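Structure record follows, encoded as structure tokens.
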Amino acid sequence: MKTNNVLTLILAVVLLGCQQKQPKEAAPAASTMAEVSGNEDFKYWTWITADANRDDSTYVAEFSKYKNSGIDAVLINTGTDPELLGRLTPLAKQEGLEVHAWIMAMNRPGDSVALQHPEWYAVSRDGNSCFDHRPYVDYYQWLCPTRKPAREHVLHLVEELAKVNGIETVHLDYIRYSDIFLPVGLLPKYDLKQETELPEFDFCYCDVCVSEFEKIHHKNPRELSNPAVDMEWKQFRLNQIKAVVDDAYDIVHKHGKKLSAAVFPYPEMADHMVRQRWDKWNIDMVLPMIYHNFYNEEVDWIGFATKQGVEDLKGSSTSLHTGIFVPPMTADQVVQAIVLAKENGAKGISFFDGNSLTTEQLHAIKATK
Ligand SMILES: [Zn+2]
């Protein structure tokens, strides 16, 4: 559980190492606040990671701090522990917060059930399994979405969370393949150049994926001279992830809950980087991680990426809530991001993560309500 808590921080945070200094910044200008206020339907969220060893009183204080800062909803990572979620949910609701059950879906580091089944893990184009050979970082242990028992295991975990009284959504994270391309801003840390699809980062070439693909398309992906340009092979993998999401949607709705997910910044980018095409999914809410600093972009890119996703979702019932990475941002930039998200059609904004929100940022967030 302790190990899991550490591991459950999402990739980027660990990769960036959270080394940046917290900026001290004056409160945002009144004109900016006037621009952003006055929309009660615009939801403020934050992602948090729970620890079963903490006392209830510390959670009550944390939830109260969020509520008093204008935050409406918490996405709680319990390391897929329905019991802990059941303990924390009434505490958060008591403070006036919505609760969302955050789960690491296809990347399941240290999953004691999955580890009994080495064949469930995704296999790279150069033949290594995530079971014992992890791409990029030690906590990358991806399951194969095509293998039925692996999928059923993930969906069972989703269902156990969906049964917890009082939660609003089950929130899928890592609902994708391992990164074929890392965010460009993170490459120097690994001394990596990724100008083509490299075999060690290309998944999944396990026997089941190969045979299922061959049944449909009569060719073997292991024998493709350049798999990166084979559209059927790309589409097959997009469809495998979509199938897991669509099944999860039916399961959580059966329990009277909704489905949300943390996704890559906008659909084409998600497709390119991690084989994730979230505008095609059956899902109630998406929270794209529009972390401009990972991509060496400026704050205005948050508006651009938000708009891309909102346009792609037109005609669907999925709402989009912009996710931002707060550690390197000034309080004023956080307010700018809220304005950009709203102006470009998001229905809310989510802050990663609750623990790293500074007092200045929390004051600025509250002032926009
Ligand atoms: Zn596979």
Expected output for region 205-220 (first residue of a type in the set (Ser, Thr, Tyr), partner within 13 Å of the ligand (Cβ to nearest atom), Cβ below 8 Å, 6+ apart or cross-chain) is Tyr205/Val123; Tyr205/Ser124; Tyr205/Arg125; Tyr205/Gly127; Tyr205/Pro221; Tyr205/Arg222
What residue, among those in region 287-323 that are of a type in the set (Val, Ile, Thr) and crowded, with 24+ Cβ neighbours inside 10 Å, is nearest to Arg176 (Cα to Cα)? Ile290
Got a number for residues in region 245-277 being in contact (Cβ under 8 Å) with a residue 40 or more places away in the chain, more than 15 Å from Ala162 (Cα to Cα) and hydrophobic (A, V, I, L, M, F, W, C)? 6
Given the structure, is Asp191 at positive phi, open to solvent by 60 Å² or more (accessible area, probe 1.4 Å) and modelled with pLDDT under 95? yes
I'd like the full set of residues that are farther than 22 Å from Glu160 by Cβ, among the hydroxyl-bearing types (Ser, Thr, Tyr) and buried (at least 24 other Cβ atoms within 10 Å of the Cβ), limited to region 47-86. Tyr66
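Within region 239-252, restricting attention to residues that are more than 14 Å from the ligand (Cβ to nearest atom) and of a type in the set (A, V, I, L, M), which residue is surrounded by the fewest Cβ atoms within 10 Å (Cβ to Cβ)?
Filtering region 239-252 for residues more than 14 Å from the ligand (Cβ to nearest atom) gives 242, 245-252.
This time we only want the ones that are of a type in the set (A, V, I, L, M), so: 245, 248, 251-252.
Values: Val245: 23, Ala248: 27, Ile251: 19, Val252: 26.
Restricting to residues being more than 14 Å from the ligand (Cβ to nearest atom) and of a type in the set (A, V, I, L, M), the top hit is Ile251.
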Checking Val123 against (1) open to solvent by 10 Å² or more (accessible area, probe 1.4 Å); (2) out of contact with any Cys (no Cβ under 7 Å at 6 or more places or on another chain): exactly one of these is not met. Which one? (2)
Of the residues that sit in region 200-235 and are near the ligand (Cβ under 10 Å from one of its atoms) and under 26 Å from the mean Cα position of the chain (by Cα), which one is surrounded by the fewest Cβ atoms within 10 Å (Cβ to Cβ)? Cys206
Give the residues of region 115-147 that are in contact (Cβ under 8 Å) with a residue 60 or more places away in the chain, within 10 Å of the ligand (Cβ to nearest atom) and of a type in the set (A, V, I, L, M), sorted by residue number. Ala122, Val123
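The values are calculated or read from the model by the stated rules, or taken from the named source; none is laboratory data. The structure displayed is predicted, hence computed values, not measured ones. Using ideal geometry, Cβ is built from the backbone for each residue, glycine included, and neighbour counts are taken over all protein chains shown. Each accessible area value is taken on the protein alone, full model and side chains, heavy atoms only, with ligands, DNA and RNA left out. Shrake-Rupley method; radii C 1.70, N 1.55, O 1.52, S 1.80 Å.
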